[in-house]
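The block underneath contains the structure these notes are about, expressed in C-alpha cells.
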2 protein chains.
Amino acid sequence: MQDNITKILKAIADPKRREIFHALVIASSALSITQISGQFDISRQGVTKHIKTLETAGLVGITSKGRERFCTADAKPLKQITEWVRFYEQFWDTTLKDLGDYLDSK
Amino acid sequence: MQDNITKILKAIADPKRREIFHALVIASSALSITQISGQFDISRQGVTKHIKTLETAGLVGITSKGRERFCTADAKPLKQITEWVRFYEQFWDTTLKDLGDYLDSK
DNA sequence: AAGTTATGCAACTATTAGGTTGCTAATATA
DNA sequence: TATATTAGCAACCTAATAGTTGCATAACTT
C-alpha cells in the first residue's frame, strides 16, 4: 500500500478519526464498535471503516471477546511523526523574510 | 474549508508533497515552479497543485518576481503537529497489554 | 516585433475516501 | 428454541485527490 509514516499521517489527517482516536485514548476501558459509534454521528459501518484505518496505522488495537470487538488506542506510532517533524525544527526560525532578502539580492 | 491542523496534516500526509517540502527546506535558495518540477517526475501543473496545498497549509511561501514564482518552505506550522502529538506522549507507554488485562478481568 | 519561457486556469480522467444501506453470520438472552 | 444484539461484508453513492493535457497570458530575449 504505502509506507508507515504515510499511513499514520493519513489516519490522523481526518478530523473524525482524530476524534475517535481521542475518545479511545481517554476512555477508561476498551470500547466496542457499537459503543464508539454511539458517541459519534456517523453509522456503525462508518466507524468500522475509520477503526480499520487507525488499526492499519497501528494506532488502534482490537481484541475480540465473544461477539464484541474491543478497541484501544495505541499512541506509540505517533512517535514516528514526532521524529519526522524533528528534522524540521531547526528551520522553524527561517522566516519568509529570507525569501525577500534572496529576491532583493538578485 | 477545514481547520488549520487538518490542512497541515493533509498537506504532509502525501508522500510527494513531503518530498517537495523537503526539497524546498534544504534548498539553498528559493525555487521556481519550473525548477521544482524539474526535480520530480510529475508535470509542472501537478507541482503547482501540490504547492498550492502546501501554501494553503502555510508550509510554503510564494513571492512573484517577474514571470517567475519563487517558493520557500516555512516549517513553523509543523509546530502545531508537535503540539497535537504532545498530549498523547503520556500514553506512549500504555501498551495493548492493558486491553488484555481489562478483558481478562471481565 | 517575433519567438521563447514561466505560469495560471479550465476541463477531463482515474482513483481513493467517507459515508450509507442491506444482508448475513455469530453470539447472547428470554 | 426464538429473539436480540454485535458486527462483518458487499454494493453503492458522492465528493475529493492526484494527475493529466490544452490553451491563454504575461514577461523576458534576440
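The table below lists the values:
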read-out	value
Residues within the stretch A:2-25 that are without any contact (Cβ under 8 Å) to a residue 24 or more places away in the chain and assigned to a loop (DSSP other than H, G, I, E, B), tallied	2
Failed condition for A:Asp93, given (1) more than 11 Å from every other protein chain (Cβ to nearest Cβ); (2) at pLDDT below 95	(1)
Residue that is nearest to the other protein chains (Cβ to nearest Cβ), among those in the stretch A:1-48 that are of a type in the set (Ser, Thr, Tyr) and farther than 17 Å from A:Ala73 by Cβ	A:Thr6
The stretch A:49-61, subset surrounded by 21 or more Cβ atoms within 10 Å (Cβ to Cβ) and either part of a loop (DSSP other than H, G, I, E, B) or within 9 Å of another protein chain (Cβ to nearest Cβ) (or both), residue farthest from DNA strand C (Cβ to nearest atom)	A:Leu59
Residues of the stretch B:26-48 satisfying the condition of being within 8 Å of DNA strand C (Cβ to nearest atom) and either in contact (Cβ under 8 Å) with a residue 60 or more places away in the chain or not aliphatic (A, V, I, L, M) (or both)	B:Ser32, B:Thr34, B:Gln35, B:Ser37, B:Arg44, B:Gln45, B:Thr48
Every residue from the stretch A:62-80 that is in a strand (DSSP E or B) and not basic (Lys, Arg)	A:Ile62, A:Thr63, A:Ser64, A:Glu68, A:Phe70, A:Cys71, A:Thr72, A:Ala73
Residue within the stretch B:50-60 that is more than 14 Å from the chain's Cα centre (by Cα) and at pLDDT 95 or above present	no
Selection status of A:Tyr88, at pLDDT below 95, of a type in the set (Phe, Trp, Tyr) and crowded, with 16+ Cβ neighbours inside 10 Å	no
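The values are calculated or read from the model by the stated rules, or taken from the named source; none is laboratory data. What you see is a predicted model, and the numbers here were worked out from it, not measured in a lab. For neighbour counting, all protein chains shown are included, and Cβ atoms are generated from backbone atoms with ideal geometry for every residue, glycine included.
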